[in-house]
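These notes are about the structure you will find just below.
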């Protein structure tokens with residue numbers, strides 16, 4: 001039982017890392033919590049569901065379309081909102097209000113467009129034979145979701161640490177003013193980061209029907225809460241800390257589902273409180289001395 | 001405007017509410033020249049650097065780099081045109097290593113690994129290349145700040161109180177580094193309180209008070225000028 005729980009925790013941990021990564025990337029670059037993050041994941045889920053129902057398309061093949069659409073949406077959203085928000089006297093509070101409002105609008109429009117019913121994509125789309133992993137058997141859809149998540153996490157690592165744009169992104173994360181002082185176009189880098197953040201959320205959304213059981217217009221707030229817990233556990237503003245946070249959350253979730261399922265919904269809040277009490281900077285956070 | 005001037009600042013003004021931080025400042029700087037900018041606290045020296053580098057936008061006046069107006073450009077555009085600066089309190093990317101700090105700055109200047117290695121050497125940072133910037137002491141962070149500015153290939157470098165907090169040996173070495181940078185053709189506008197340090201660097205200074213230039217000439221002449229004496233000792 002423990003081997004199954006650990007293996008499933010690893011698969012779900014990778015998935016929740018992907019689900020939360022975009023939120024942390026956006027926070028790292030803009031210092032704003034995107035309260036509509038889960039709603040963009042929900043839109044990604046419905047785009048994949050729509051492509052499946054209309055064209056019979058496997059969610060795996062919906063990913064390129066998700067990335068293009070949500071990258072574009074992120075860049076537009078950035079230039080429409082963020083520069084004015086950052087120039088305001090209280091960008092943190094205004095961003096909370098604005099992004100919470102955006103979350104509500106997206107959810108309301110999704111209800112109008114798709115209705116309130118829960119939807120699902122049969123996991124047998126990947127075949128009905130389970131996959132054996134670490135001596136345990138799992139649905140193929142779980143393994144595919146975790147594998148795509150791992151690839152996406154690797155791609156973000158390569159983007160941040162082995163590309164010119166990634167260097168610029170990390171510089172903006174460290175200090176927007178200093179980054180501008182090295183010739184970096186901070187707004188362009190930030191707009192791309194928001195686009196990448198939304199594209200990652202949408203990619204996670206494509207697999208949410210398998211990993212969360214079903215999709216619905218109201219799933220956004222739950223995903224945002226879980227994602228927030230994951231990035232606080234790992235380290236706020238450190239995208240790679242998200243992987244550790246996701247694994248801790250995934251393993252914790254599977255243990256709760258296995259041994260105390262009725263308490264599982266409490267997990268993100270319990271982890272959030274525990275980590276804020278014992279290590280507020282997150283497991284990979286650093287105490288930065290301000291000169 | 002002198003045709004050979006790299007930087008030409010004319011009647012620059014900047015107010016913060018009722019306080020006039022800059023009040024019609026004008027100055028010029030030729031390639032490879034070192035100009036000292038001195039004055040009592042609150043005289044507008046750092047504001048001048050902030051406005052020229054693009055941190056603040058001037059309320060009026062013009063800033064030209066080789067005759068091209070740059071006063072309305074954002075910071076990153078000015079950096080790419082060749083204006084960069086250091087900070088009184090150095091601000092490296094603390095989470096990155098020393099070498100990574102320079103690699104970030106090299107993104108838009110197309111400086112290669114050899115350039116980065118050369119600047120690490122020039123500023124005595126080679127042994128610290130793999131250290132996280134957070135762990136450097138103040139003098140090392142100042143050298144990193146300078147190296148990071150230099151890797152963007154500036155033609156005009158604005159230096160804000162680089163000498164503050166350095167011991168005599170570090171001051172001597174820093175002066176040598178700045179002179180070497182100027183010899184390569186980079187113009188330096190140096191805000192400094194340490195007049196001994198400034199005297200090593202240059203003989204030409206602009207003295208400011210209340211956002212205005214009150215004197216331009218040599219440090220020796222400034223020491224005998226009644227307006228300068230009044231500003232520093234007369235209040």
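How big is the gap, in Å, between the Cα center of the stretch B:119-146 and the Cα center of the stretch A:206-238?
41 Å
Report the gain in length on full extension from residue A:72 to residue A:120: 0.36 nm times residue separation, minus Cα-Cα distance, nm rounded to one decimal.
The span from residue A:72 to residue A:120 would gain 14.6 nm if fully extended.
Can you give the extra length, in nm with one decimal, that the chain gains between residue B:199 and residue B:115 once fully stretched, where that is 0.36 nm per residue apart less the Cα-Cα distance?
Full extension from residue B:199 to residue B:115 adds 27.3 nm.
Once both labels are modelled 7 Å past Cα along the beta-carbon direction, what's the residue A:263-residue A:218 spacing in nm?
Each label point is offset 7 Å from its Cα along the Cβ direction, giving 2.6 nm.
What does a probe at residue A:158 reach in the stretch A:62-90, counting residues whose amide N is under 16 Å from the point 7 Å along Cα→Cβ?
The answer is A:64, whose backbone nitrogens lie closer than 16 Å to the label point.
Relative to the longest principal axis of chain B, what angle (0 to 90°, nearest 10) does the C-alpha long axis of helix B:168-183 take?
90 degrees
In peptide A:181-193, what is the residue-averaged number of other protein chain Cβ atoms found within 10 Å of each Cβ?
6
State the Cα centre-to-centre distance between the stretch B:1-60 and the stretch A:76-107 in whole Å.
35 Å
Calculate, for residue A:88 and residue A:225, the FRET efficiency according to 1/(1 + (r/R0)^6) with r their C-beta to C-beta distance and R0 35 Å; round to the nearest 0.05.
So the FRET efficiency works out to roughly 0.85.
Between the alpha-carbon centers of the stretch A:1-20 and the stretch A:161-194, tell me the distance in whole angstrom.
For the stretch A:1-20 versus the stretch A:161-194, the Cα centre distance is 32 Å.
Say we join alpha carbon atoms closer than 10 Å with springs in a Gaussian network model of chain B; which of B:162, B:120, B:195 then has the biggest fluctuation?
Result: B:195 has the largest fluctuation of those listed.
Across the residues of B:98-111, average count of Cβ atoms on other protein chains within 10 Å?
Shielding by partners across B:98-111 averages 4.
Determine the gain in length on full extension of the stretch residue A:151-residue A:274; use 0.36 nm per residue of separation and subtract their C-alpha separation, reporting nm with one decimal.
Extending this stretch completely gives an extra 41.3 nm.
I need the peptides A:197-206, B:50-59 ranked by packing, meaning the mean over residues of other C-beta atoms within 10 angstrom, with the highest value on top. Please list the in-between numbers first.
Working: A:197-206: 30.5, B:50-59: 19.4.
Per-residue Cβ counts within 10 Å, averaged per peptide and sorted highest first, yield A:197-206, B:50-59.
As I understand it, the value is the acute angle between the Cα axis of helix A:2-30 and the longest principal axis of the Cα atoms of chain A; what does it come to in degrees, rounded to 10?
The angle comes out at about 20 degrees.
In nm, give the distance between the simple-model label positions of residue A:2 and residue B:19, each being 7 Å from the Cα along the Cα-to-Cβ direction.
Here the modelled spin labels are 6.4 nm apart.
For chain A, take the longest principal axis of its alpha carbons; what is the angle in degrees between that and the long axis of helix A:186-206, to the nearest 10 within 0 to 90?
Relative to chain A, helix A:186-206 is tipped by roughly 10 degrees.
Inside 10 Å of the C-beta atoms of A:229-241, what's the mean count of C-beta atoms belonging to other chains?
0
With each pseudo-label sitting 7 Å past Cα toward Cβ, what's the residue B:137-residue B:62 distance in nm, one decimal?
Taking the two extended label points, one gets 4.8 nm.
Could you list A:263, A:142 in order of exposure, starting from the residue whose Cβ has the fewest other Cβ atoms within 10 Å?
Starting with the residue having the fewest Cβ neighbours, the order is A:263, A:142.
Going by how many other Cβ atoms sit within 10 Å of their own, how do B:46, B:152, A:182 line up, fewest first?
So the ranking, lowest neighbour count to highest, is B:46, B:152, A:182.
Readers should treat all values here as calculations from the given coordinates under stated rules, not as data from a laboratory. In this text the structure is predicted, and so the values were computed from the model without any measurement. Every residue, glycine among them, receives a Cβ derived from its backbone with ideal geometry; neighbour counts consider all protein chains shown.
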